[in-house]
Amino acid sequence: MTDKAQQNQLIELLKNARNVFIFTGAGVSKESGLPTFRDLDGEWTKYDPMTFATLDGFLSNPVMVWNMYRERLMQISAAQPNPAHIVIAQMEHYYPEFLLTTQNVDNLHERAGNKKMVKIHGDACRIRCVDCEETYPVSDYDFSEEFDEPKLPKCPDCGGLCRPDIVWFGEYVPQEAFAASINAAMTCDLMMIVGTSGEVSGGYGFAERALSHGAKIVEINPSEGALTHYAHFWIPQQAGVALPQIWKLVVGDA
Ligand code: APR
């Protein structure tokens, strides 16, 4: 945000929008203490994604992969929604038409109150049978201790090995979530991209579709990413700082 005039334009845009599509990534949960993937302190600097985020990697090392996801589950349950999550939940009530599509597998948007949302990369709080594909809430299982072979979560229906219900590299995203996101991109008058490098989602075409029918795009991210060149406004700030500041100007002190 360079100057006052641009800021006023941005506030008018948010005040007058009627159909808002919000697309988030790991950066929106960073200020809740959850690591991103590609930042210098991100998950993929500690864990090899080919081992920890592919089906082959999981099947070759189920105990190691489950212990990594057990760690993440514990981080998620200890984390709290931050001001960015809170504002995005308030936006859902403010705009007549609204969809939040998140790439995040944590449950912080839900815990902040968002309901009109889809999770396009799955849900760390659910597990799925590798064989029969049935899914179950993680609360059905005991994650209190580290896993070993006998303790690995098994499907109560067919006895198959269960995996985190997360979309791994080389796997399709959930069709319904993708279709809802494409529809939102095609009908919104404002798209907000918050906290994603765009490394994976660049290929989903959401920003192109939003631009194709004249929607305005706002990105909130401290760093430039693969989607920044689509944005009419780029706010190079942390989401938990920028969103409350902007939202206060849009809704006043209400
Ligand atoms: N506020 C906003 N953005 C932030 C913040 C913050 N406080 N801190 C970091 N960021 C930005 C980084 O600049 C980066 O652009 O968040 C982005 C995180 O990018 P990634 O780590 O690549 O995460 P994401 O874009 O969500 O990854 C997409 O890749 O590995 C797969 O499935 C995984 O869903 C994930 C997907």
Inspect segment 38-47 for any residue being in a helix (DSSP H, G or I) and over 17 Å from the mean Cα position of the chain (by Cα) and give the result as yes or no. yes
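Would you mention how many residues in segment 145-160 are open to solvent by 80 Å² or more (accessible area, probe 1.4 Å) and either over 17 Å from VAL65 (Cβ atoms) or in a helix (DSSP H, G or I) (or both)?
The total comes to 5.
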Single residue of segment 209-226 satisfying the filter (touching a strand residue (DSSP E or B) at 6+ places or on another chain (Cβ under 7 Å) and open to solvent by 40 Å² or more (accessible area, probe 1.4 Å)) that is nearest to ALA185 (Cα to Cα): LEU211
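Pick out the one residue from HIS85, HIS93 that is part of a helix (DSSP H, G or I) and either within 16 Å of the ligand (Cβ to nearest atom) or closer than 17 Å to THR196 by Cα (or both). Please lay out each step first, then the result.
On the way: HIS93 fails: either within 16 Å of the ligand (Cβ to nearest atom) or closer than 17 Å to THR196 by Cα (or both).
The match here is HIS85.
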Segment 161-185, residues that are open to solvent by less than 40 Å² (accessible area, probe 1.4 Å) and assigned to a loop (DSSP other than H, G, I, E, B): VAL167, TRP168, VAL173
Exactly one of (1) of a type in the set (A, V, I, L, M); (2) within 14 Å of the chain's Cα centre (by Cα); (3) more than 16 Å from the ligand (Cβ to nearest atom); (4) open to solvent by 30 Å² or more (accessible area, probe 1.4 Å) is unmet by MET117. Its number? (3)
Report yes if some residue within segment 4-17 is near the ligand (Cβ under 10 Å from one of its atoms), basic (Lys, Arg) and in contact with a helix residue (DSSP H, G or I) (Cβ under 8 Å, 6 or more places away or on another chain); otherwise report no. no
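The values are calculated or read from the model by the stated rules, or taken from the named source; none is laboratory data. Being a predicted model, the structure only gives us computed values, none of them experimental. All Cβ positions, glycine included, derive from the backbone under ideal geometry; neighbour counts span all protein chains shown. Please note that ligands, DNA and RNA were not included when accessible areas were found on the heavy atoms of the full protein model with its side chains. Shrake-Rupley method; radii C 1.70, N 1.55, O 1.52, S 1.80 Å.
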